[in-house]
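The values are calculated or read from the model by the stated rules, or taken from the named source; none is laboratory data. Since the structure is predicted, the reported quantities are computational estimates derived from the model, not experimental observations. Glycine also receives a Cβ, built like all others from the backbone with ideal geometry; neighbour counts cover every protein chain displayed. Note: areas computed on protein heavy atoms with side chains; ligands, DNA, RNA excluded. Shrake-Rupley method; radii C 1.70, N 1.55, O 1.52, S 1.80 Å.
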Amino acid sequence: MGDSQSWAAAPAAAERARSVLATAWSCAVTANGGREEFVGAHTVDDDGRVALRVPEDSALLTAALCAPRGEPSAVLEFADVAPVPVRHRVRARLWLAGWFTPEGDRLAFRATRIVLAPPSGAVVVDLDDFAQARPDPLAAAEARLLTHLADAHPDAVERLTRLVPPDVLHGAVRVQPLAVDRHGLTLRVERARAHGDVRLPFHAPADDVGRLTERVHVLLGQATAAACPRALQRQRADGDR
């Protein structure tokens, strides 16, 4: 994708779902009335199909082998967890409902319904859109990028708050980078008893880390030119007393 203004300011549901699936390290499987947790056991094909390696003594494997037509109904659950320590670190949950079929030493999963549930509300993801979508190009590097920003450049995070509306910062006690994708950077604003998120869109997509660096520098330049939010100034003053 080139640098143009004809693009969405946020990832589509199918793209975000594929990103969650691509980066999740574990999944929970509910099938045949039971629930099992698997860590580092799933792989994902290019079209989004999931394959799961399970122990020989797994109840899930037994259900798959013994079920009529070899296709027990099941639900896979994946969590999208923020890499930076913040309140309520689960940014979204992804559910895939469908059937398992034994294929050699693994269980292949065919999804018939996909639901993505970010804090803004659950959405049903179109199966064809999901199969054709690709994970965000920054998804694999997101954890490293955000932890580096939070740990090594807290001054940059503070400067970026100048782009946040003052009413959003009212009562803020901490601001941390929550998420980044090719479309923008999201900050988590924590207050004493609540929190909120604010998205800072890039002026053009960042399809690799090099372009992301340039996009963030543009945001920092805009923040430098902006006035320091009064709400944050008051918060600092209160903390200095």
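Between beta-carbons, use under 13 Å as the cut-off and find the net charge around LEU52, counting Lys and Arg +1, Asp and Glu -1. Before the final figure, lay out the partial values.
Working: positive: ARG49, ARG53, ARG106, ARG110; negative: GLU36, GLU37, ASP45, GLU77, GLU103, ASP105.
Taking every other residue near LEU52 into account, the sum is -2.
Nothing charged except the Cβ atoms of Lys and Arg (+1) and of Asp and Glu (-1): what's the magnitude of the dipole of the chain about its Cα centre? Round to the nearest 20 debye.
On the way: 29 positive and 31 negative charges, 218 e Å.
That gives the chain a dipole magnitude of about 1040 debye.
Starting at the first residue of segment 158-165, write each ³J(HN,Hα) from the Karplus equation 6.51 cos²θ - 1.76 cosθ + 1.60 with θ = phi - 60°, in whole Hz, x for Gly and Pro.
Result, rounded to whole Hz: 5, 5, 5, 5, 5, 8, 8, x.
Just the ratio, please: alpha-carbon radius of gyration of segment 77-137 over 2.2 N^0.38 Å, N its number of residues.
Working: Rg = 14.1 Å, N = 61, 2.2 N^0.38 = 10.5 Å.
Rg over 2.2 N^0.38 Å, computed on Cα atoms: 1.34.
The list (1) 249; (2) 120; (3) 146 gives values of volume of the Cα convex hull per residue in Å³, and only one came from this structure; which label was calculated from it?
(3)
Tell me the per residue accessible area of the chain using a 1.4 Å probe; a whole number in Å² is fine. Present the calculation step by step, with values, prior to reporting the outcome.
Working: 12700 Å² over 241 residues.
Per-residue value: 53 Å².
Measure out, as a whole number of angstrom, how far apart the alpha-carbon centroids of segment 75-91 and segment 151-173 sit.
Cα centres, segment 75-91 to segment 151-173: 22 Å.
Karplus couplings for segment 116-123 from phi (6.51 cos²θ - 1.76 cosθ + 1.60, θ = phi - 60°), rounded to Hz, Gly and Pro as x?
Once θ is set to phi - 60°, the couplings for segment 116-123 become 10, 10, x, x, 6, x, 6, 9 Hz.
Could I get the Rg over Rh figure for segment 9-59? Both from C-alpha atoms, Rh via Kirkwood, rounded to two places. Show your work: numbers first, answer last.
Values: Rg = 13.1 Å, Rh = 12.5 Å.
Computed over Cα atoms, the ratio is 1.05.
Which order do the peptides 56-64, 178-186 come out in when sorted by mean C-beta neighbours inside 10 angstrom, highest first? Please list the in-between numbers first.
On the way: 56-64: 16.3, 178-186: 22.0.
The peptides rank, most packed first, as 178-186, 56-64.
Can you show me the helix-derived [θ] at 222 nm for the chain, built from DSSP H runs with n ≥ 4 at -39,500 (n - 2.57) apiece and divided by the number of residues, rounded to the nearest 500. Show your work: numbers first, answer last.
Numbers: 8 runs with 75 residues, N = 241.
It lands at -9000 deg cm²/dmol.
Check LEU200: other-chain or 5+ apart residues with amide H under 5 Å from its amide H, H built from backbone geometry?
LEU185, THR186, LEU187
Rounded to a whole number, what % of the accessible area of the chain do carbon and sulfur atoms account for, probe 1.4 Å? The partial results should precede the final answer.
Working: 6640 of 12700 Å².
Taking all protein chains in place, the chain shows 52 percent carbon and sulfur surface.
Between HIS170 and ASP47, how many nm apart are label points set 7 Å from Cα along the C-beta direction?
Roughly 5.2 nm, to one decimal.
Between GLU158 and LEU127, what is 0.36 nm times their sequence separation minus the Cα-Cα distance? Round to one decimal in nm.
Values: separation 31, 0.36 × 31 = 11.16 nm, distance 4.03 nm.
Fully extending the segment from GLU158 to LEU127 adds 7.1 nm.
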